[in-house]
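Here is the structure we will look at, set down as structure tokens.
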């Protein structure tokens with residue numbers, strides 16, 4: 001591929017996902033995380049939910065490099081700054097939720113991070129079709145990791161009642177994911193095939 005983006009390029013991928021703390025119908029009466037959680041909209045499920053939004057950063061192998069969470073209506077673009085703290089000179093892939101000329105410029109100027117996102121239908125794509133196809137395929141890696149965190153580790157559901165308990169549970173789940181990745185390296189498996197090493 002005659003491209004500045006190669007298959008061995010160092011990159012990070014960012015995405016967000018909903019974390020529900022109470023059923024929507026019971027949210028108004030819920031005392032859990034009162035003043036901390038909030039209402040948000042999940043586009044992939046086309047539904048409103050109550051809770052938090054998780055913000056995840058992974059590297060090009062699927063290793064989780066950073067995680068934070070905000071109120072459900074929290075801005076994905078603002079969360080990028082916390083996720084990329086201490087990271088410089090890398091390619092950052094995100095979906096259309098991160099499409100912002102000012103964010104792209106600020107990341108480049110402040111941390112030498114190149115942000116690439118899909119473009120809207122009414123925009124001209126500055127990238128060749130082959131590059132765009134490759135980046136879109138690479139970006140889906142973070143969706144795989146989110147699918148594992150929510151499917152195998154139930155990270156999108158909250159049974160905790162206090163923030164410090166919630167942080168502890170999130171930390172353990174992320175650690176378990178990382179240990180599963182490491183175990184697969186030792187076993188010469190593909191890193192993201194967690195079903196070989198983790199039973200839930």
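Being more than 17 Å from the chain's Cα centre (by Cα), farther than 24 Å from residue 128 by Cα and either touching a residue at least 60 places away in the same chain (Cβ under 8 Å) or assigned to a strand (DSSP E or B) (or both), is that true of even one residue in segment 55-75? First the steps, then the outcome.
Of the residues in segment 55-75, the ones more than 17 Å from the chain's Cα centre (by Cα) are none.
No, segment 55-75 contains no residue that is more than 17 Å from the chain's Cα centre (by Cα), farther than 24 Å from residue 128 by Cα and either touching a residue at least 60 places away in the same chain (Cβ under 8 Å) or assigned to a strand (DSSP E or B) (or both).
Restricting attention to segment 25-43, which residues are touching a helix residue (DSSP H, G or I) at 6+ places or on another chain (Cβ under 9 Å), surrounded by fewer than 17 Cβ atoms within 10 Å (Cβ to Cβ) and more than 19 Å from residue 15 (Cα to Cα)? Quick ask: steps written out before the conclusion?
First, pick out the residues of segment 25-43 that are touching a helix residue (DSSP H, G or I) at 6+ places or on another chain (Cβ under 9 Å): 33, 36-37, 39, 43.
Now restrict to residues that are surrounded by fewer than 17 Cβ atoms within 10 Å (Cβ to Cβ): 36, 39, 43.
Matches in segment 25-43: 36 only.
Which residue out of 88, 121 is in contact with a helix residue (DSSP H, G or I) (Cβ under 6 Å, 6 or more places away or on another chain) and either more than 20 Å from residue 16 (Cβ to Cβ) or exposed (fewer than 15 other Cβ atoms within 10 Å of the Cβ) (or both)? Working first, answer last.
On the way: 121 fails: in contact with a helix residue (DSSP H, G or I) (Cβ under 6 Å, 6 or more places away or on another chain).
The match here is 88.
Here are 88, 12: which of them is at pLDDT 90 or above, assigned to a strand (DSSP E or B) and within 29 Å of residue 127 (Cβ to Cβ)? Please lay out each step first, then the result.
Details: 88 fails: assigned to a strand (DSSP E or B).
The match here is 12.
Checking the condition closer than 25 Å to residue 63 by Cβ, part of a helix (DSSP H, G or I) and touching a residue at least 24 places away in the same chain (Cβ under 8 Å), which residue from 142, 185, 167 passes? If you could, list the steps in order and put the result at the bottom.
Details: 185 fails: touching a residue at least 24 places away in the same chain (Cβ under 8 Å); 167 fails: touching a residue at least 24 places away in the same chain (Cβ under 8 Å).
Result of the check over 142, 185, 167: 142.
Would it be correct to say that residue 44 is without any contact (Cβ under 8 Å) to a residue 24 or more places away in the chain, in a loop (DSSP other than H, G, I, E, B), within 15 Å of the chain's Cα centre (by Cα) and at negative phi?
Details: without any contact (Cβ under 8 Å) to a residue 24 or more places away in the chain: yes; in a loop (DSSP other than H, G, I, E, B): yes; within 15 Å of the chain's Cα centre (by Cα): yes; at negative phi: yes.
The answer is yes for residue 44.
Go through 127, 107, 166, 135 for me and flag whichever is in contact with a strand residue (DSSP E or B) (Cβ under 7 Å, 6 or more places away or on another chain) and modelled with pLDDT under 95. Explain how you work it out, then say what you get.
On the way: 127 fails: in contact with a strand residue (DSSP E or B) (Cβ under 7 Å, 6 or more places away or on another chain); 107 fails: modelled with pLDDT under 95; 166 fails: in contact with a strand residue (DSSP E or B) (Cβ under 7 Å, 6 or more places away or on another chain).
Result of the check over 127, 107, 166, 135: 135.
Tell me whether segment 44-65 contains one or more residues that are surrounded by fewer than 18 Cβ atoms within 10 Å (Cβ to Cβ), at pLDDT 90 or above and more than 19 Å from residue 192 (Cα to Cα).
Within segment 44-65, one or more residues are surrounded by fewer than 18 Cβ atoms within 10 Å (Cβ to Cβ), at pLDDT 90 or above and more than 19 Å from residue 192 (Cα to Cα).
The values are calculated or read from the model by the stated rules, or taken from the named source; none is laboratory data. Just so we're clear, the structure is a prediction, and the values are computed from it rather than from any experiment. Glycine gets a Cβ as well: all are built from the backbone with ideal geometry, and neighbour counts include every protein chain shown.
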